[in-house]
Amino acid sequence: MSRAASAAKSGGALAHLRVLDLSRVLAGPWASQLLADLGAEVIKVERPGCGDDTRGWGPPWLADGDGQATREAAYFLCTNRNKRSLTVDITRPEGQEIVRQLARDADVLIENFKVGGLAAYGLDQHSLRTLNPKLVYCSITGFGQHGPYAARAGYDFLIQGMGGLMSVTGTADGEPGAGPQKVGVALTDILTGLYAGNAVLAALAHRDRDGYRSADGQHIDLALLDVQIACLANQAMNYLVSGTAPKRMGNAHPNIVPYQDFPTADGDMILAIGNDGQFARFCTVAGRPEWAGDERFASNAARVRHRQELIPLLRQTTVLRTTREWIAALEKAAVPCGPINDLAAVFADPQVQARGMRLDMAHANGGNAPQVANPIHLSATPVEYRKAPPTLGEDTAAVLRELGHSDTRIAALRQAGIV
């Protein structure tokens, strides 16, 4: 569709923007889906015949209208809604020209090829920003555009290890099951996608500060390793301030006690006590008010020092009631606590349901694609759910027609395997 038609169709905050998405898997697509949810037109460029790698990362597979499994992987569905799928072979001159046509009118391009990978096709940031100086060109790589590791491929699991996250995640040494552990989702990719979305919006704000497209765009160099280190937050600062590298502590917190999981009569619960008042109230509910006045436990700093004494006492107490009983009593006393839910319990939770965190979108295969909602709530320009994640090449003909290609030309491109 034309820029005007796209803007008219979406009422989102970013409806005036066109994003060309050459990224694959998770970090880049997460960023482009965020922009799409906020109203931007996003054209996802995929390889003919196979598309984004995650299309094949199943099972599970989405069911069609008859309940039969398709070849639409759940992984792909998690990060590609509100996008149009265009298949283009960028290794062919004709395919490269199609991308250049799109880039001439795009506001943003997101890619996650290896450093220099797109230069061979004339689709690097220098070439496309020469063609369209207003373009914000975002490159996502494992290690960035310079440095001794720049040429290496980067994967979330690898970066969680190299970037220090696994050194502080997992059971403590000396305990059963000790050892480094990755986070259960590709967190570095997700965080990189969020940083990318912020960086893109910052670059657009700079470009358009004196009016729409009033200045040039710029190149964004974003590395998974950099993001992972930046997101170590207090753990990184603990090291920089003390000179001592933090260790794995399981579910315990290095700076707050008690702030971890505890056994109950029928399972487990989490206590997240963040100040001395909350601890005193917990002690009252637990029937041990004397703990709050004990000099070993009266302040958080003291509790951190005497962690090894306090935690066993707490565990001996928490096993005396069920999880539900503890949560009911502690919530009345304004003590932060909660269950450890599996995903079935998460999506059955009344708060999660009240916030609309699960939704269904009609899919081109005849079924419905379940989706996890965007958590952003804007009062004037709310997130929109316009289009389910596309089938491979679903919008190829429409996009090419908008670029001026005739049906005869499109058929010839298909026959040649270019689209």
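The values are calculated or read from the model by the stated rules, or taken from the named source; none is laboratory data. Values in this document were obtained by computation on a predicted structure and should not be read as measured data. As a convention, Cβ positions derive from the backbone with ideal geometry for all residues, glycine included, and neighbour counts pool all protein chains shown. These area figures cover heavy atoms from the full protein model, side chains too; ligands, DNA and RNA do not enter into them. Shrake-Rupley method; radii C 1.70, N 1.55, O 1.52, S 1.80 Å.
Considering only segment 65-166, give the strands (runs of 3 or more DSSP E) lying wholly within it that have at least 2 residues that are touching a Phe, Trp or Tyr at 6+ places or on another chain (Cβ under 9 Å) and open to solvent by 50 Å² or more (accessible area, probe 1.4 Å).
69-73
Does segment 40-54 contain at least one residue that is basic (Lys, Arg), more than 18 Å from ARG414 (Cα to Cα) and surrounded by fewer than 23 Cβ atoms within 10 Å (Cβ to Cβ)?
Scanning segment 40-54, I find no residue that is basic (Lys, Arg), more than 18 Å from ARG414 (Cα to Cα) and surrounded by fewer than 23 Cβ atoms within 10 Å (Cβ to Cβ), so the answer is no.
Does at least one position in segment 273-289 carry a residue that is within 30 Å of the chain's Cα centre (by Cα) and either modelled with pLDDT under 95 or farther than 30 Å from ALA31 by Cα (or both)?
Checking segment 273-289: at least one residue is within 30 Å of the chain's Cα centre (by Cα) and either modelled with pLDDT under 95 or farther than 30 Å from ALA31 by Cα (or both).
Scan segment 254-268 residue by residue and report those that are at pLDDT below 95 and open to solvent by 60 Å² or more (accessible area, probe 1.4 Å).
ASN255 - this is the single residue of segment 254-268 that is at pLDDT below 95 and open to solvent by 60 Å² or more (accessible area, probe 1.4 Å).
Hey, any hits in segment 358-373 for a residue that's among the β-branched types (Val, Ile, Thr) and part of a helix (DSSP H, G or I)?
No, the conditions are met nowhere in segment 358-373.
Of all residues in segment 311-351, how many are within 31 Å of the chain's Cα centre (by Cα), small (Gly, Ala, Ser) and more than 25 Å from PRO254 (Cβ to Cβ)?
Within segment 311-351, residues that are within 31 Å of the chain's Cα centre (by Cα), small (Gly, Ala, Ser) and more than 25 Å from PRO254 (Cβ to Cβ) number 3.
Considering segment 54-83 alone, what residues qualify as being within 17 Å of the chain's Cα centre (by Cα) and of a type outside the set (D, E, K, R)?
Within segment 54-83, THR54, ALA74, TYR75, PHE76, LEU77, CYS78, THR79, ASN80, ASN82 meet the criteria.
Just a yes or no: is a residue in segment 64-73 touching a strand residue (DSSP E or B) at 6+ places or on another chain (Cβ under 7 Å), free of Cβ contacts under 8 Å to residues at least 24 places away in the same chain, small (Gly, Ala, Ser) and over 21 Å from TYR385 (Cβ atoms)?
yes
Go through segment 376-390 and count every residue that is closer than 15 Å to SER85 by Cβ and either surrounded by fewer than 18 Cβ atoms within 10 Å (Cβ to Cβ) or at pLDDT below 95 (or both).
Adding up the residues that qualify gives 1.
Collect the residues in segment 185-235 that are in a loop (DSSP other than H, G, I, E, B), charged (D, E, K, R) and touching a residue at least 12 places away in the same chain (Cβ under 8 Å), keeping them in residue-number order.
ARG213, ASP216
Tell me yes or no: at least one residue of segment 41-49 is closer than 18 Å to GLN371 by Cβ and at pLDDT below 95.
Checking segment 41-49: not a single residue is closer than 18 Å to GLN371 by Cβ and at pLDDT below 95.
Is it the case that some residue within segment 175-193 is surrounded by 13 or more Cβ atoms within 10 Å (Cβ to Cβ), farther than 30 Å from ARG24 by Cα and not acidic (Asp, Glu)?
Yes, the conditions are met somewhere in segment 175-193.
Can you tell me which residue within segment 311-347, out of those that are touching a residue at least 60 places away in the same chain (Cβ under 8 Å) and part of a loop (DSSP other than H, G, I, E, B), is most open to solvent (accessible area, probe 1.4 Å)?
ILE340
Return the pair list, or none, for Cβ contacts closer than 6 Å from residues in segment 236-256 that are not in a loop (DSSP other than H, G, I, E, B) to residues that are not aliphatic (A, V, I, L, M), at least 6 apart or on different chains.
Listed pairs, sorted by first residue: ASN238/PRO246.
From the list VAL88, VAL45, exactly one residue is in contact with a Gly (Cβ under 6 Å, 6 or more places away or on another chain) and at negative phi. Which is it?
Being in contact with a Gly (Cβ under 6 Å, 6 or more places away or on another chain) and at negative phi holds for just one of VAL88, VAL45, which is VAL88.
Return the pair list, or none, for Cβ contacts closer than 6 Å from residues in segment 114-130 that are under 16 Å from GLY144 (Cβ atoms) to residues that are among the aromatic types (Phe, Trp, Tyr), at least 6 apart or on different chains.
Pairs found: GLN125/TYR137.
Scan (1) part of a loop (DSSP other than H, G, I, E, B); (2) charged (D, E, K, R); (3) closer than 26 Å to ALA223 by Cβ; (4) under 20 Å from the mean Cα position of the chain (by Cα) for the single condition LYS44 breaks and write down its number.
Here LYS44 clears every test but (1).
Restricting the search to segment 269-310, which residues are closer than 16 Å to PRO254 by Cβ, β-branched (Val, Ile, Thr) and open to solvent by 20 Å² or more (accessible area, probe 1.4 Å)?
VAL304
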